[in-house]
1. Specify whether the C-alpha gyration tensor of the stretch B:124-283 places it in the rounded, prolate or oblate class, a ≥ b ≥ c being the square roots of the eigenvalues: rounded for a/c under 1.5, otherwise prolate if a/b is larger than b/c and oblate if not.
2. With a/c under 1.5 counting as rounded, go ahead and sort the stretch A:124-205 into rounded, prolate or oblate using the C-alpha gyration tensor (a ≥ b ≥ c being the square roots of the eigenvalues; past the cut-off, prolate if a/b is larger than b/c, else oblate).
3. In square angstrom and rounded to 100, what buried accessible area do you get between chains B and A, total over both, with the probe at 1.4 Å?
4. Could you give the C-alpha radius of gyration of the stretch A:226-283 expressed as a fraction of 2.2 N^0.38 Å, taking N as the number of residues it contains?
5. Provide the per residue accessible area, probe 1.4 Å, for the stretch B:3-119, rounded to a whole number of square angstrom.
6. With Kirkwood's inverse mean 1/r over C-alpha pairs for Rh, give me the Rg to Rh ratio of the protein assembly as shown, two decimals please.
7. In Å and from the alpha-carbon atoms only, list the Rg and Dmax of the stretch B:5-51.
8. Using the Cα centre of the protein assembly as shown as origin and beta-carbon charges of +1 (Lys, Arg) and -1 (Asp, Glu), tell me which of B:Ile89, A:Ser230, B:Val250 is placed farthest towards the positive end of the dipole.
There are 2 protein chains.
Amino acid sequence: MQIAYFNGKFLSKEDVKISPDDRGFLFADGVYEVVRWYEGFFFDMDSHLSRLKRSLRELRINWAEVDMFPALSHELIKQNNLENQPAMIYLQVSRGAAKRSHNFPSSEVPPTVYANAWGFVPDIQSKESGIKVMLKEDIRWNRCDIKSVALLANTLSFQEAYQVGLQECIFVRNGLITEGSHSNIFFVIDGMLCTHPESNHILSGVTRKNILRIADELGIKIREEAVQESRIRFIKEAFISNTSAEVTPVTVLGGNTIGDGVPGHVTKLIQEKFDSEVKNKHEN
Amino acid sequence: MQIAYFNGKFLSKEDVKISPDDRGFLFADGVYEVVRWYEGFFFDMDSHLSRLKRSLRELRINWAEVDMFPALSHELIKQNNLENQPAMIYLQVSRGAAKRSHNFPSSEVPPTVYANAWGFVPDIQSKESGIKVMLKEDIRWNRCDIKSVALLANTLSFQEAYQVGLQECIFVRNGLITEGSHSNIFFVIDGMLCTHPESNHILSGVTRKNILRIADELGIKIREEAVQESRIRFIKEAFISNTSAEVTPVTVLGGNTIGDGVPGHVTKLIQEKFDSEVKNKHEN
């Protein structure tokens, strides 16, 4: 039996009953986080908690108990007997259930808080050999910095990639490469690590932030600047990042083979340091 | 007790249980329709049904029983004893419940179909005196032609208007006035009725379509062309349209008084014909 968290209680996931009046269901009026459990600790829970708080603030959803997110996550790991395996926590907070109306309901309506946990099998093959990704126009809204559940554009775009055997859909907005449907993307050009700067057009990824720190510690030059689609031929290496993919090399981008078509040197350096940090933390 | 429709059954709304795995809840991966009951008939149900089919097709959601929408709506009116009063039907179809993943689930996963009905009090005051509306940058995605539940941008924008006592938020994209957060908008300029043409930037409103037909029948010249925000001073009349507001005059747009600050002549002509059509249909 899967145990979930729902509005203050731990219960069987089967017993979670989202109201048809929930604004998460009717208006995509909610935020979420996905956090990874590394058999003993959550990866950078502090950053996930900060981002969750920011998302809630941007939408003006008031979840007074937001600081319980780490403890709640830990409890879900325990109750689902996931302590000793890779696992994921999903948390969603919506503006609650109220008579359907575009304006926000009274501040007395409590948010809906739902979380669950599941065992997770890392995709080692992709991390080693790299993935092929699609390039497609970014049709999303202008607040991609908010980790909201308004993900329809993301799913529609990802499905297009998925259907033709590609493993991510990378977006281009006004000629500039922004990010993936559920990942950030990095490039190595002229020996520099390039990625789209934080803005309303990308999500500030927790893994992205850690990669920038790691690259800096490795002495790799960083350029937080959007890469033009027209400059693909100058890209020597590419990789995506997110909570589940960590650092996953990209070997083909929009039909263009990147570098030698195998994971690049800089990518591997960053990947190794990322992995060793996780491993060391694990052993401590 | 409110009776709702949920996945093939009529039941108490309290007993509707949306799964936390529902893609409507997790990804805004669903579509909806709102249809108005005029004490005896639904307003242009054919157009609502056609649009619903188009939305489902665009998202590739397969609801095999879509043609039952009119009968289902009628049954909800009956079961909720709403035959003899103005009422609304809300229908939502999402891609169903499945383990969370950006790609679509197997085609065997059935869609989630939910509908409810409620008695409705028309806002006669606004129809008579007009409303004041905000103008704001359109931050929505690029597929506003799909009537999806990815409405977060709409609710956030409408709330801004609502908070300062305005009754709608009208969007401007690249300098062009598109539509409202939950309405279309029309202008009278140089004696012509102007409105944004059908495109991926607006929803093809059922009321909008009927207004264009009515205007044509009244011999009013029509220009389906976007109006530039910079040309507001040339606007002599304005009104919004949707299923609940029907034809509702706009007297103040983004702080600018329109015409004499009262509902205009052309607006009233269209409003009268709209109302008389409904009244005649009612008497037949």
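1. Note, shape of the stretch B:124-283 comes out rounded.
2. oblate
3. Summed over both sides, the interface buries about 4500 Å².
4. Working: Rg = 13.2 Å, N = 58, 2.2 N^0.38 = 10.3 Å.
My calculation over the Cα atoms of the stretch A:226-283 gives 1.29.
5. Solvent-accessible surface per residue comes out at 38 Å².
6. Details: Rg = 25.4 Å, Rh = 25.4 Å.
Over the Cα atoms of the protein assembly as shown, Rg/Rh equals 1.00.
7. 14.0, 38
8. Of B:Ile89, A:Ser230, B:Val250, it is A:Ser230.
The values are calculated or read from the model by the stated rules, or taken from the named source; none is laboratory data. Quantities reported herein were computed from a predicted structural model and do not represent experimental measurements. In this analysis, Cβ positions are derived from the backbone assuming ideal geometry, glycine residues included, and neighbour counts consider all displayed protein chains. Only protein heavy atoms, including side chains, enter the accessible area calculation; ligands, DNA and RNA are left aside. Shrake-Rupley method; radii C 1.70, N 1.55, O 1.52, S 1.80 Å.
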